[in-house]
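S.K.: To start, I am sharing the structure in question, which I have written as structure tokens.
Read-outs throughout are calculated quantities, based only on the coordinates presented, and are distinct from any laboratory measurement. Just so we're clear, the structure is a prediction, and the values are computed from it rather than from any experiment. Here the Cβ positions follow ideal geometry from the backbone for every residue, glycine too, while neighbour counts run over all protein chains shown.
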Amino acid sequence: MKRSLTEGNLFLAQTFDPRLLLEYEQLLKNTNASAETRLAVYDRYPELLRERDDCYLDKMMLLTLRGKYKEAIELAAHKRFHIYEGGEGKLTKLHAWLHVLYADETAKHGDVAQAEEICRKGAEMPKSYGEAKTFFNQEAHIYYLLGTLYGKDGDPEKERAAYEKAAEYKAAVSEISLFRALALKKLNRTEEAQTVLEEMLQTAQNLLDNEDRRTYYGVGSPSPMPFETDIVKQNRLAGYTLKAFALYGTENYSEAEDCIRRAEKIDPNHPEACFYHRILK
């Protein structure tokens, strides 16, 4: 395997086909190469990188995993994206998480006002993204963090308004649903919060119990990336990660940690597992 990866790098250096950059990076990703190794490849071929939106987005994710939030945001600002069918929502989801993580880090360093500004920008989608916000955009984590920041500022009116926004119903169940549940708890709507967490647990368990089945296949269904057609692996990753977030919400922290470790055993660089450690620790 090491030989094939080395040969792939040498071959890539002799071609001008950006598709090969995508496939080589995907090969590195699915053999659990480190974020540093993969970023080095992108840095080696900037011309090829600029021609592939998917590679560009992948580099943003790798920078996020390395904690280089500002650099990832600046990278996004210099690109006009062209969203493809099956790739909808990937950029907007990363945009939101990226700003939440950056705002949280900024607040921990003591600059609450700047953290609030960063957080608000997470809910604004630049026109250069080529994708507008819809009802289904998951933003509970943005507004939940804003609520906690307004609370630190001593502004109960803004704090409550942010929690109300975070508590809004969204049709999809994801790890971000945890922050809706946490916001509902802040608003003393504990029964609703419990319902959200139970739905998360049920969805996660369904993924694990039916690991060999696709949850949806039709218009807008995710397009598998190269070397990522193993539906069992993908469902286990999604199931264990979602279950971890839900168990955190029910305060079963040791069980949540066990689920995250199971996900990381499958993929040491799984983004949602990284987000779990960064934002919930």
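S.K.: Quick one: of K90/K165; K29/K158; K93/K158; K68/K133; K158/K265, which pairs are farther than 32 Å apart, Cα to Cα?
M.R.: Details: K90/K165 22 Å; K29/K158 42 Å; K93/K158 24 Å; K68/K133 25 Å; K158/K265 41 Å.
Violating the 32 Å Cα-Cα cut-off are K29/K158; K158/K265.
S.K.: Summing Lys, Arg as +1 and Asp, Glu as -1, what charge do residues with Cβ under 14 Å from the Cβ of N30 carry, N30 excluded? Let's see the in-between values first.
M.R.: Numbers: positive: K29, R38, K233; negative: E23, E25, D58, E228, D230, D267.
Spelling it out: positives minus negatives among the neighbours equals -3.
S.K.: Test of understanding: ordering I231, I118 by Cβ neighbours within 10 Å, fewest first, what list do you get? Mind dumping the intermediate values first?
M.R.: Values: I231 15, I118 25.
Ranking I231, I118 by Cβ neighbours within 10 Å, fewest first, gives I231, I118.
S.K.: Rounded to the nearest 10 degrees, what's the angle between the helix 140-152 long axis and the longest principal axis of the chain, both from Cα atoms, 0 to 90?
M.R.: 50
S.K.: On to the next question. May I ask you to order 127-136, 263-272, 174-183, 187-196 by the average number of other C-beta atoms within 10 Å around their residues, highest value first?
M.R.: Details: 127-136: 12.2, 263-272: 17.2, 174-183: 24.9, 187-196: 15.1.
Going from most to least packed, we get 174-183, 263-272, 187-196, 127-136.
S.K.: Okay, moving on. May I ask for the angle, rounded to the nearest 10°, between helix 156-166 and the longest principal axis of the chain, with both axes built from Cα atoms and the value confined to 0 to 90°?
M.R.: That works out to roughly 50 degrees.
S.K.: Could I ask something else about it? Once a ≥ b ≥ c are taken as the square roots of the eigenvalues of the Cα gyration tensor of the range 175-249, is the result rounded (a/c under 1.5), prolate (a/b larger than b/c) or oblate (a/b not larger than b/c)?
M.R.: On the way: a/c = 2.71, a/b = 2.28, b/c = 1.19.
Since a/c reaches 1.5 and a/b is larger than b/c, the shape of the range 175-249 is classed as prolate.
S.K.: To the nearest 10 degrees, how steeply does helix 2-13 sit against the main Cα axis of the chain, on a 0 to 90 scale?
M.R.: 80
S.K.: Using the number of other C-beta atoms within 10 angstrom as an exposure proxy, rank M125, M61 with the fewest first.
M.R.: Working: M125 17, M61 20.
In order of increasing Cβ crowding within 10 Å: M125, M61.
S.K.: Can you bin every Cα-Cα distance in the range 39-88 into 10 Å intervals starting at zero and give me the percent of pairs per bin, rounded to whole numbers?
M.R.: Cα pair-distance distribution for the range 39-88, in percent: 25, 57, 17.
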